[in-house]
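Following: one structure in structure tokens, then a few remarks.
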Amino acid sequence: MSILEIEDLSFTYGSLRNKAGNHVLSNLNLHMEDGESVGLIGENGAGKSTLLKLLTGLLDMQEGKVLVSEFEMKKENLNKIRTVIGYVFQDSDSQLFMSTVYEDVAFAPRNYGKSEEEIYEAAMSALKKVHMEDKKDRQIYRLSGGEKKLAAIATVLSVGVKLMLLDEPSVALDPKNRRNLIRILNELPGAKLIASHDLDFVYDTCERVVLLSDGKITADGEAKKILTDKELLEQHGLELPLSFSRKISF
Amino acid sequence: MNRISDAIVDLHKMDMEAGKCGWLQGIHPLPKLFVTLIFILLTVSFGKYDLPGVLKMGIYLIILFVLGDISVKLLLKRMKAVLLLVCLVGIANPFFDREVMFRLGTVTVTGGMVSAVTLMFKGIFAVSASYLLMVTTSMEDICYALRKMHMPKMFVTVLMLVYRYMILFLKEIQRMTDAYTLRAPGQKGVHYKVWGTMVGQLLLRSMDRAQNVYDSMTLRGYNGEFHLRCKKRAGGSDYLYVFVWSMVLVCVRMI
Ligand SMILES: Nc1ncnc2c1ncn2[C@@H]1O[C@H](COP(=O)(O)OP(=O)(O)OP(=O)(O)O)[C@@H](O)[C@H]1O
Ligand SMILES: [Mg+2]
């Protein structure tokens, strides 16, 4: 079953009619299946974050059609869509705002009117999935960068989303935390759309990669195939993942 | 460390102390808020010359500070600005009210002096009692208790948001002043010429951060109300707490 269907999506900061406006996306098409992990790559300013924000309804749709699960992206569907789709911010500090990890993870289920037992269950199961259950009573500000990222993922998991959007998840993580995050992401069953220019990270977490440039998906295919295509990557201001460039040069 | 990072650390520390597992922290927030309010109301209700009466109420603070193992030094350090302000409220009284109350040796004590000191103690006690509540109860729990006491939703939401955004705002100030001082060694404070840009930047950046936090909240189903719930359930010891303190405070007020 398809979880995400984007048809002819266009977006301009300002207004579409405005010629001087910044055309970020134009007639973008993308299709994602349930449970699929897709890496969204593209150089700085390609519009990756913009696309993710459109999919969560943080930016208003201008042109095109987006279907999330069976819901069409519209104001009146936003509440339903947001129980299907979860967004993990690039900056975990802006995502976490309650005082303790548990309170933050319980925030969403609480808003959907669950009972206290259900909330506890949902929060604990989300925390278990990211191996943070023993840190549930920690103050947010006492978490390390890696732990904050995991807590942020848990806040999204606690509503049982089917599609997780992650914006640059590996930024500012040290190698150990990065490996840990890769392992945890690979354990999670739902679909993921991971925007990143850390191509090694994308290779380790995604089976499929789409390349965003000029406001469109210009390449779409198996991760290995796209991430080893030196010419294609360099054409779009990207470089081969380190793991491949080493293999090739030796 | 500068003053701003001190302020941030203090806020976080107070949050953390509130989450500790002392007996006072373990009491349900509603009884604590209720007793705090009774204490403040009763303390304020004393006549303006009734200094001994007000001082008697101090028993509540002494008992809780000792039993709750709460540092008075930290109270003075953290609340010094507020306490100072409270002390200044009655400062003009001695000039208006010159009626002689009694003599202490050669010193004549006027009504104004007594009422100034009484007012000062009322203020200090009210601030200390609020502080006591804050270091033993998390902001979420206080807001929960306020809602339970039928404080308007709007008010509690604003309180909650102000508290959250204040930390963001302080952090942003810190980040900017850090970046500034690192590139302006040997300067004390920020040069007046860049104040304008700094303040403008600060505003824009804080708005950006606030927007992010707000986005994160709406994405998770927030629609204008914090659904506050308390993990603790009110039990026998909580009722006892309210009962004992109400009795004690009312008795102290009566005699
Ligand atoms: N709020 C905004 N108003 C106007 N233009 C914006 C805004 N946010 C982003 N842009 C512009 O839109 C374009 C796409 O930005 P976006 O943040 O989506 O890129 P990105 O692919 O996420 O880049 P990065 O890899 O650096 O995160 C950029 O040219 C950027 O300057
Ligand atoms: Mg981005």
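Starting from the range B:1-106, pick out the trypsin sites (Lys or Arg not before Pro) whose DSSP state is loop and whose Cβ has at most 14 other Cβ atoms within 10 Å.
B:Lys20, B:Arg98
Run down the aspartates and glutamates and flag those whose C-alpha is under 12 Å from the C-alpha of B:Lys122, throwing out any fewer than 8 positions away in its chain.
B:Asp50
Just to confirm, what accessible area per residue do you get for the range B:27-100 at 1.4 Å probe, in whole Å²?
Value for the range B:27-100: 58 Å² per residue.
Ballpark to the nearest 100 Å², how much total accessible area do A and B bury together, probe 1.4 Å? Write out the running numbers ahead of the final one.
Numbers: alone 12180 and 15950 Å², together 25550 Å².
Roughly 2600 Å².
Under 13 Å Cα to Cα from A:Lys75, which aspartates and glutamates show up? Leave out anything in the same chain fewer than 8 places away.
A:Asp60
Go through the range B:11-26 and flag every residue whose accessible area shrinks by 10 Å² or more with all protein chains in place compared to the isolated chain (probe 1.4 Å).
Flagged in the range B:11-26: B:His12, B:Asp15, B:Met16.
When the accessible area of the protein assembly as shown is split by element with a 1.4 Å probe, what percent falls to carbon and sulfur?
60
Can you list the aspartates and glutamates whose alpha carbon is less than 15 Å from that of B:Lys171, not counting same-chain residues fewer than 8 positions off?
A:Asp91, A:Asp93, B:Asp6, B:Asp10, B:Asp208
Stretch B:Met154-B:Ala81 to full length: gain in nm at 0.36 nm per residue minus the Cα-Cα span?
23.5 nm
If I model a spin label as a point 7 Å beyond the Cα along the Cα-Cβ vector, how far apart are those points for B:Leu37 and B:Ala184 in nm?
4.7
Using the heavy atoms of the protein chains alone and a 1.4 angstrom probe, what is the accessible area of chain A per residue in square angstrom?
Accessible area per residue: 44 Å².
For the range B:185-218, state which residues have at least 10 Å² less accessible area in the presence of all protein chains than in their chain by itself, taking the probe as 1.4 Å and leaving out ligands, DNA and RNA.
B:Arg209, B:Asn212, B:Val213, B:Asp215, B:Ser216, B:Met217, B:Thr218
Using a Förster radius of 45 Å, what is the FRET efficiency between A:Asn186 and B:Val194 based on their Cβ-Cβ separation? Nearest 0.05, please. Write out the running numbers ahead of the final one.
Details: r = 48 Å, r/R0 = 1.07.
FRET efficiency, A:Asn186 to B:Val194: 0.40.
Where both residues lie in the protein assembly as shown, what percent of DSSP beta bridges are antiparallel, nearest 5?
Counting only bridges with both partners in the protein assembly as shown, antiparallel ones make up about 60 percent.
Among the GluC sites (Glu not before Pro) within the range A:186-229, which fall in a DSSP loop and have no more than 12 other Cβ atoms within 10 Å of their own Cβ?
Sparse-neighbourhood loop GluC sites (Glu not before Pro): A:Glu207.
Over chain B, with a Gaussian network built from C-alpha contacts below 10 Å, which listed residue (B:Gly123, B:Gly58, B:Gly111) shows the highest mean-square fluctuation?
Comparing B:Gly123, B:Gly58, B:Gly111 in the GNM, the peak value goes to B:Gly111.
The values are calculated or read from the model by the stated rules, or taken from the named source; none is laboratory data. Please read all numbers here as calculations on a predicted model, not as lab measurements. A quick note on method: Cβ atoms are made from the backbone with ideal geometry, for glycine too, and the neighbour counts reach across all protein chains shown. These accessible areas exclude ligands, DNA and RNA; they are computed on the full protein's heavy atoms, side chains included. Shrake-Rupley method; radii C 1.70, N 1.55, O 1.52, S 1.80 Å.
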